[in-house]
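Below: one structure, written as structure tokens.
The values are calculated or read from the model by the stated rules, or taken from the named source; none is laboratory data. These numbers come from a predicted model, not from an experiment. So basically every Cβ, Gly included, is an ideal-geometry build from the backbone, and we count neighbours across all protein chains shown.
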Amino acid sequence: MVAIGKRLLKDGIITESELEDALERQRQHGGRLGQNLVALGYIREEDLNNFLKRNPGPPKSVEETGLSFSFVADLILKHVLLMGEFRIAEVADKVKLPISVVDSVLEMLKRDHFVEVKGGTGFATVTYTFKITEQGKNRAAELMDLCRYVGPAPVTLEAYRAMVEIQTIKNIVVSQESVKKAFSHLILNESLLTRLGPAISSGKAIFIYGPPGNGKTAIAETISNVLPDTVYIPYSILVGGQIIGMFDPVNHVTAGSSEEKDNIDQRWVLIRRPVVITGGELSLRMLDLDFNPISKYYEASLQMKANNGVFIADDFGRQQIEPQSLLNRWIVPLDRNLDYMTLHTGMKFAIPFNMLVIFSTNIEPRDLVDEAFLRRIRYKIKIDRPSEKEYEAIFRKVCAANMIPFEQDAFDYLMNSYYKRLGVGLNACHPRDILDHIIDSAHYYLHAPLLTREGIDAAWQNYFVDM
């Protein structure tokens, strides 16, 4: 990516002429910009990987946090209001800033008589026990009225943009082996895998469509398992004096770090590449900042939480918003990889739109959106009904997973007496659902589940309507 090239250039890792050579080679031979820089010998692969996985270093002073001294002081004062008595290390753990930074701020709070030393076991300030004064309590109460955020110190918008750019989804390398391994639990024909691989690797939007019950959602979710590496996400961001909560335990899965805590800015959390899945509940409001009038700070939008990861719009076309409305909302982000947010103060700002967007639907694409929108979706992949051979393979696999012996005679009975006689289309979900009925019946009648003609008759009658 050119953005990565510019950052490598800015950091003095490569020169302008080397960047131009790599871009020219990329035009001729394809591949990632980084791969071409390595091939030309302008950067070692190890150095490139270290750059792309760069950890956010800890700030050594308040200035290096990108936050004002008064902002950090106000945040600490709100924390200690809830703590009562405290030590520096305890405050540092709450705000996720180094002890040296917190110590310098506490010195100011002491001079302003907002906190005082209650006692200590030595001469170093880290051994002191502090407490908030009455004057400090009054000041903290005033700050709480303005904003009730009491959490880790935020990072700046500039720092967030830079980290998203370094961790971009556009730089992931997906191999054929990793794709085959990730999808090995599904029965898919080889031609579908050959189309899915390049689509995932591109980092471009994907439109998955086809008849219901044939694995579109399962495929969309499996794509997220193909994505390698971990990424850093901030607990919160500061924009225009307003705090935006970013880390969401529902959508973000933390990952352990091999780095020492002292070597990383603790305001960032290491997570697996995020996967945000939304279905019929999706509304335009969820794509904008959510301001809480009681706590008086923001919750990030869904696409912000999905940055550097995957955003899956499942059952597209059945949301609370019209598909055309989503088109109008995302036409610029899909084109330019930038989205725009607005604070309640009226301030508008740009954020990265850096994610693999997957639309999954059982509605014909042209019945949903116009040609302009479809043009912006790089890959359109149809997930059709399985062939008879694939259907049998799925049935056998589901039987094995449930420890039910597969009976060819019973399976042939199912195919001939129901599917072929009634003209019912094969669906990839049918084996699971039919066998679930057989298992339920076996549990009720206290016998082992078996694949029999009688069991298939009962399951079909219970599962299908007027068939």
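Among the residues here, residue 61 does not qualify as under 30 Å from residue 102 (Cβ atoms), free of Cβ contacts under 8 Å to residues at least 40 places away in the same chain, surrounded by fewer than 16 Cβ atoms within 10 Å (Cβ to Cβ) and not acidic (Asp, Glu). When residue 103 is tested against (1) without any contact (Cβ under 8 Å) to a residue 12 or more places away in the chain; (2) surrounded by 14 or more Cβ atoms within 10 Å (Cβ to Cβ), only condition (1) is not met. Selection of strands (runs of 3 or more DSSP E) fully inside region 278-381 by the criterion of at least 3 residues being in the same structural domain as residue 247 (by TED's automatic domain parsing), under 30 Å from residue 238 (Cβ atoms) and out of contact with any Cys (no Cβ under 9 Å at 6 or more places or on another chain) returns 290-292, 310-313, 338-342, 348-352. Residues in region 215-230 that are more than 22 Å from residue 253 (Cα to Cα) and either of a type in the set (D, E, K, R) or at pLDDT 90 or above (or both): 216 only.
Contact map, region 37-58: residues that are in contact (Cβ under 8 Å) with a residue 12 or more places away in the chain paired with residues that are in a helix (DSSP H, G or I) and loosely packed, with under 15 Cβ neighbours inside 10 Å, Cβ distance under 9 Å, separation 6+ or inter-chain. Pairs shown: 39/29; 55/263; 57/64; 57/263; 58/64; 58/261; 58/262; 58/263. I'd like to know if region 133-141 contains one or more residues that are crowded, with 16+ Cβ neighbours inside 10 Å, part of a loop (DSSP other than H, G, I, E, B) and without any contact (Cβ under 8 Å) to a residue 24 or more places away in the chain. Yes, the conditions are met somewhere in region 133-141. Could you figure out which of (1) over 28 Å from residue 272 (Cα atoms); (2) out of contact with any Gly (no Cβ under 6 Å at 6 or more places or on another chain); (3) among the aliphatic types (A, V, I, L, M) isn't true of residue 343? The single condition residue 343 does not satisfy is (2). So which residues in region 76-101 are part of a helix (DSSP H, G or I), touching a helix residue (DSSP H, G or I) at 6+ places or on another chain (Cβ under 6 Å) and within 22 Å of residue 134 (Cβ to Cβ)? 76, 77, 78, 79, 81, 88, 91, 94 - these are the residues of region 76-101 that are part of a helix (DSSP H, G or I), touching a helix residue (DSSP H, G or I) at 6+ places or on another chain (Cβ under 6 Å) and within 22 Å of residue 134 (Cβ to Cβ). Look at region 409-426: where a residue is under 12 Å from residue 454 (Cα atoms) and assigned by TED's automatic domain parsing to the domain that holds residue 454 and a partner is among the hydroxyl-bearing types (Ser, Thr, Tyr) and at pLDDT 95 or above, sitting 6+ places away or on another chain with Cβ atoms under 8 Å, you get 410/452. For region 7-19, enumerate the residues that are more than 32 Å from the chain's Cα centre (by Cα) and assigned to a helix (DSSP H, G or I). Of everything in region 7-19, those that are more than 32 Å from the chain's Cα centre (by Cα) and assigned to a helix (DSSP H, G or I) turn out to be 16, 17, 18.
Kindly check whether there is at least one residue in region 246-256 that is outside any loop (DSSP other than H, G, I, E, B), of a type in the set (Gly, Ala, Ser) and touching a strand residue (DSSP E or B) at 6+ places or on another chain (Cβ under 6 Å). There is no residue in region 246-256 that is outside any loop (DSSP other than H, G, I, E, B), of a type in the set (Gly, Ala, Ser) and touching a strand residue (DSSP E or B) at 6+ places or on another chain (Cβ under 6 Å).
Within region 115-125, the set of residues being surrounded by 14 or more Cβ atoms within 10 Å (Cβ to Cβ) and either under 24 Å from residue 235 (Cβ atoms) or among the polar types (S, T, N, Q) (or both) comprises 115, 125. Counting residues in region 201-224 that are within 29 Å of residue 59 (Cβ to Cβ), buried (at least 21 other Cβ atoms within 10 Å of the Cβ) and either touching a residue at least 60 places away in the same chain (Cβ under 8 Å) or out of contact with any helix residue (DSSP H, G or I) (no Cβ under 6 Å at 6 or more places or on another chain) (or both) gives zero. Residues in region 317-368 that are over 29 Å from residue 172 (Cα atoms), surrounded by 13 or more Cβ atoms within 10 Å (Cβ to Cβ) and of a type in the set (Val, Ile, Thr): 321, 363. Checked against the criteria, residue 96 counts as among the charged types (D, E, K, R), crowded, with 17+ Cβ neighbours inside 10 Å and either closer than 25 Å to residue 265 by Cβ or free of Cβ contacts under 8 Å to residues at least 40 places away in the same chain (or both). Looking only at residues of region 314-346 that are among the aliphatic types (A, V, I, L, M) and over 25 Å from residue 297 (Cβ atoms), we find that the one that is nearest to the chain's Cα centre (by Cα) is 334. Against the condition within 29 Å of residue 267 (Cα to Cα) and over 28 Å from the mean Cα position of the chain (by Cα), how does residue 85 come out, does it pass? Yes, satisfied. Residue 145 fulfils the conditions (1) crowded, with 16+ Cβ neighbours inside 10 Å; (2) not in a strand (DSSP E or B); (3) not β-branched (Val, Ile, Thr) except for a single criterion, (1). Note on region 149-190: among residues that are in contact (Cβ under 8 Å) with a residue 12 or more places away in the chain and of a type in the set (Ser, Thr, Tyr), the one that is farthest from residue 80 (Cα to Cα) is 178.
Does residue 188 qualify as being at pLDDT below 90, surrounded by 14 or more Cβ atoms within 10 Å (Cβ to Cβ), farther than 28 Å from residue 248 by Cα and over 19 Å from the mean Cα position of the chain (by Cα)? Judged against the criteria, residue 188 is a match.
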